[in-house]
1. Could the peptides 193-205, 173-185 be put in order, highest first, of the mean number of other beta-carbon atoms found within 10 Å of their residues?
2. Give the carbon-plus-sulfur fraction of the accessible surface of the chain in %, rounded to a whole number; probe 1.4 Å, heavy atoms of protein chains only.
3. For a Förster distance of 45 Å, can you work out the FRET efficiency between the beta-carbons of ASP249 and ALA131, rounded to the nearest 0.05?
4. Output the antiparallel fraction of DSSP beta bridges having both residues in segment 1-148, as a percent to the nearest 5.
5. So what is the calculated 222 nm ellipticity per residue for the chain, using -39500 (n - 2.57) for each DSSP H run with n of 4 or more, over all residues, to the nearest 500 deg cm²/dmol?
6. Where both partners of a DSSP beta bridge lie in the chain, what percent of those bridges are antiparallel, to the nearest 5?
7. At a 10 angstrom cut-off on C-beta neighbours, averaged per residue, how do the peptides 94-104, 159-169, 24-34 rank from highest to lowest?
8. Please work out how much length the chain gains when fully extended from THR7 to THR256, using 0.36 nm per residue of separation minus the C-alpha to C-alpha distance, in nm with one decimal.
Amino acid sequence: MASIEHTRLRGDGEPVVLVHGIGHRREAWGRLPALLHAAGHDVVVVDLPGFGLSGPPSAPDGWSMTSTAEQVERLAAELGLERPHVVGNSLGGLVALELAGRGSVRTAVALAPAGFASRRHLAVAASTLLALKAGSYLPQRVHRAVHRSPRLHAIAFWPLYTRPELVDPETSLGDTLALRTGRGFWPHLLGSRRHRVPRELAVPTTIAWGERDRLLLPAQAQTARERLPHAEHVLLPGCGHCPQVDDPDAVLGVATSTFARAADPAPSTS
């Protein structure tokens, strides 16, 4: 059985799986799950193994990107989702590209995916993530004070959002505590940089980058264009590293246009 906790918004339309980034949890998606559900989709929002409420993977599963993708595939099978669409952010974007390479999803949308950073950009991302991780160990009373102050809240979440006011204080406190306790942080921080992004994508794929991403810098979008020229590439104006929070309507538009590119199923011969 998959060790992945999840929330499901049941709908009659095509299934969509949402996969968050490193140190985050299923609440990272803000309004997007509700928007997709309102559009008729059957939406599953996951906590990756070692994050949120999901425990670490159990043997023979592990922390590798291949194993993480297999665990997501297994969850989809357990839920009866036949080749769902997948939308991933950051680490989750890399998971989405892995699933697209495996052909186990209908389409993939990768928002600021990991896997395209130069050594210099890796150093920027690692130092920022380590600073966020270190800050998560401050006492909860300090975090509550920070999250109640719009100015301090904006500073604390500067690497992730351009519109941090859209994340309410209780959610941002929960995100901070999830970063503190997430057992998947170190394995993925150390291991994902060694994973090679698939060169061939078996399904329609869109890679979208916030033009004001301060964690995985937008210059990486050009690297993604060069490595995966057959994917669609989109720049999201005004958005940071988590565009699903900064502009959920724009991300909904990118996602639904990608879903529409899925090949029509072959007609039944029965």
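The values are calculated or read from the model by the stated rules, or taken from the named source; none is laboratory data. Just so it is clear, the model here is predicted, and its values are computed rather than measured. All Cβ positions, glycine included, derive from the backbone under ideal geometry; neighbour counts span all protein chains shown. The protein model used for the area step is the full one, side chains on, heavy atoms only, and it has no ligands, DNA or RNA in it. Shrake-Rupley method; radii C 1.70, N 1.55, O 1.52, S 1.80 Å.
1. Working: 193-205: 16.2, 173-185: 18.9.
Descending packing order for the listed peptides: 173-185, 193-205.
2. Here it works out to 55 percent.
3. 0.90
4. The antiparallel fraction comes to roughly 25 percent.
5. The helix-only estimate for the chain comes to -12000 deg cm²/dmol at 222 nm.
6. Details: 4 of 25 bridges.
Expressed as a percentage, antiparallel bridges in the chain total about 15.
7. 94-104, 24-34, 159-169
8. Length gained between THR7 and THR256: 87.6 nm.
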